[in-house]
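*Asks:* Pasting a structure below so you can have a look.
The values are calculated or read from the model by the stated rules, or taken from the named source; none is laboratory data. Keep in mind the model is a prediction, meaning the values are calculated, not measured. Note that we place each Cβ from the backbone using ideal geometry, even for glycine, and neighbour counts take in every protein chain shown. Ligands, DNA and RNA are stripped out before the accessible areas are found, and what is left, the full protein with its side chains, is counted by its heavy atoms. Shrake-Rupley method; radii C 1.70, N 1.55, O 1.52, S 1.80 Å.
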Amino acid sequence: MTGFGQAETETETFNCKVEIKALNGKFLDINIRMPRNLQNKELELRNDLSKKLERGSISIGIIISQKNAAAQLLPINQDVAQFYLQEINKIATQTGIESQHLFKSVFDFPGIIQSKEDEGTNEDDWKTIVNTVNNALVEFNNFRGREGENLYIELSALCNSIHSKLKALAPFETARVESIRNKIAKELSSLQTDLIDKNRFEQELIYYIEKLDINEEKSRLSEHCQYFLQTLLQETNGKKLGFIAQEIGREINTIGSKSNDSNMQRLVVEMKDELEKIKEQINNIC
C-alpha cells in the first residue's frame, strides 16, 4: 500500500533529511538516492530495509547538508596543483602565451579541490544517518497503519454489503419458483395432456427446478464472506484475500446464471459491483 514518512536529524557538522515514499506493487522494489560518499553503505541499508518492508515500490531519499564550507571541502591538493602549474609553465614557454592567463583556469582542473563526497563517511555519522532512516520508517509505518484502518473499514463494508444483498434474494427466489410453476402449468393447459407421460413429466420438472436452485451457492457465498472478514484481521493477507474474492465471484456468477428473475439479476449486478471494488482495494494490501 502507499505510504510516506520523513525525519530530520541535526548534528554539529551536518543536517540529515530522509524521505520514504511507497507506491503499490506486487514485489519489493527499493530505490535509494543518497550522496556519493554513502554509496558504499547502500547494500547494508538495502538489506536492512528488506527485512522491515514487505512489498511495494519504495523510494528513499537521503539528503546531507554540511553546515560550513570547510566541512564540505577538503584542503587543496598541493601535489596535484604543483604538477599542473609546472605543466602550464612548459606550455607558456612553448607557445609564448603568458602563463598568468593559463593560471586562471588551474582550479578547474580535476583533483585540485575535492568534495567530501569523494571520501567515505565515518561510522558515527553513518549511525546518525541510519537512526534518521529508522525514524522516517516509524512515521512511514504509522502512515500505512492509518491507511490500513481505513482500508479495513471499507473492505468490511463492501463484504457486508454483498452479504446483505445475498439475504435480499430470498423473497424474490420464492416468488420466482411460483412464477415458474404457474408458467409451466399455463403452457401445459394448452397441450393435450393425455399424450404426456406424467411420471416422466414430474421427473423433468423436478430436474428443471433443481437446476434453478441456488441454496448451495448462497450457503457457500455466505461462508466465503464470513471467511473474508476473518482474514481481514490477519497480517500479510493480500494474496489470501484475493483467492477468497475469486471464490466469492464464482458463487455470484453461478447465482446470476441461475437467477432468471429481473429483481434477482439486479441484486447480482450490485454484488458484482461491490466485488470489483473489493478487488481494486486488495491491490493495496501487502
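*Asks:* Could you grab me the full set of residues in region 208-266 that are charged (D, E, K, R), modelled with pLDDT under 85 and open to solvent by less than 40 Å² (accessible area, probe 1.4 Å)?
*Replies:* Selection gives Asp261 alone.
*Asks:* State which residue pairs qualify: first residue of a type in the set (Ser, Thr, Tyr) and inside region 133-154, second residue assigned to a helix (DSSP H, G or I) in any location, beta carbons under 6 Å apart, and separation of 6 or more residues or different chains.
*Replies:* Close Cβ pairs satisfying both conditions: Tyr152/Leu232.
*Asks:* Now, a different point. Run Ala71 past the list (1) over 25 Å from Glu42 (Cβ atoms); (2) exposed (fewer than 14 other Cβ atoms within 10 Å of the Cβ); (3) modelled with pLDDT under 80 and report the number of the one that doesn't hold.
*Replies:* Condition (1) is where Ala71 drops out.
*Asks:* Can you find a residue in region 248-259 that is assigned to a helix (DSSP H, G or I), touching a His at 6+ places or on another chain (Cβ under 7 Å), of a type outside the set (Phe, Trp, Tyr) and under 20 Å from Tyr152 (Cβ atoms)? Step through it out loud before you land on a result.
*Replies:* Just the residues of region 248-259 that are assigned to a helix (DSSP H, G or I), to begin with: 248-258.
From what is left, the residues that are touching a His at 6+ places or on another chain (Cβ under 7 Å) are 248, 251.
Narrowing further to those that are of a type outside the set (Phe, Trp, Tyr): 248, 251.
Subsequent filtering for residues that are under 20 Å from Tyr152 (Cβ atoms) retains 248.
Scanning region 248-259, I find at least one residue that is assigned to a helix (DSSP H, G or I), touching a His at 6+ places or on another chain (Cβ under 7 Å), of a type outside the set (Phe, Trp, Tyr) and under 20 Å from Tyr152 (Cβ atoms), so the answer is yes.
*Asks:* Which strands (runs of 3 or more DSSP E) does region 1-66 wholly contain that include 1 or more residues that are more than 24 Å from Leu151 (Cα to Cα), at pLDDT 90 or above and touching a Gly at 6+ places or on another chain (Cβ under 6 Å)?
*Replies:* Working: elements: 3-10, 14-23, 28-33, 56-66.
Ranges flagged: 28-33.
*Asks:* So for region 116-127 (the condition being modelled with pLDDT under 85, open to solvent by less than 40 Å² (accessible area, probe 1.4 Å) and over 21 Å from Glu44 (Cα atoms)), does at least one residue qualify?
*Replies:* No, region 116-127 contains no residue that is modelled with pLDDT under 85, open to solvent by less than 40 Å² (accessible area, probe 1.4 Å) and over 21 Å from Glu44 (Cα atoms).
*Asks:* Here are Arg55, Arg46: which of them is open to solvent by 60 Å² or more (accessible area, probe 1.4 Å) and within 19 Å of Asn141 (Cβ to Cβ)?
*Replies:* Working: Arg55 fails: open to solvent by 60 Å² or more (accessible area, probe 1.4 Å).
Going through Arg55, Arg46 in turn, just one is open to solvent by 60 Å² or more (accessible area, probe 1.4 Å) and within 19 Å of Asn141 (Cβ to Cβ): Arg46.
*Asks:* Next up: For Leu275, which of the numbered conditions (1) within 22 Å of Glu147 (Cα to Cα); (2) open to solvent by less than 70 Å² (accessible area, probe 1.4 Å); (3) modelled with pLDDT under 95 fails to hold?
*Replies:* With (1) within 22 Å of Glu147 (Cα to Cα); (2) open to solvent by less than 70 Å² (accessible area, probe 1.4 Å); (3) modelled with pLDDT under 95 applied to Leu275, the lone miss is (3).
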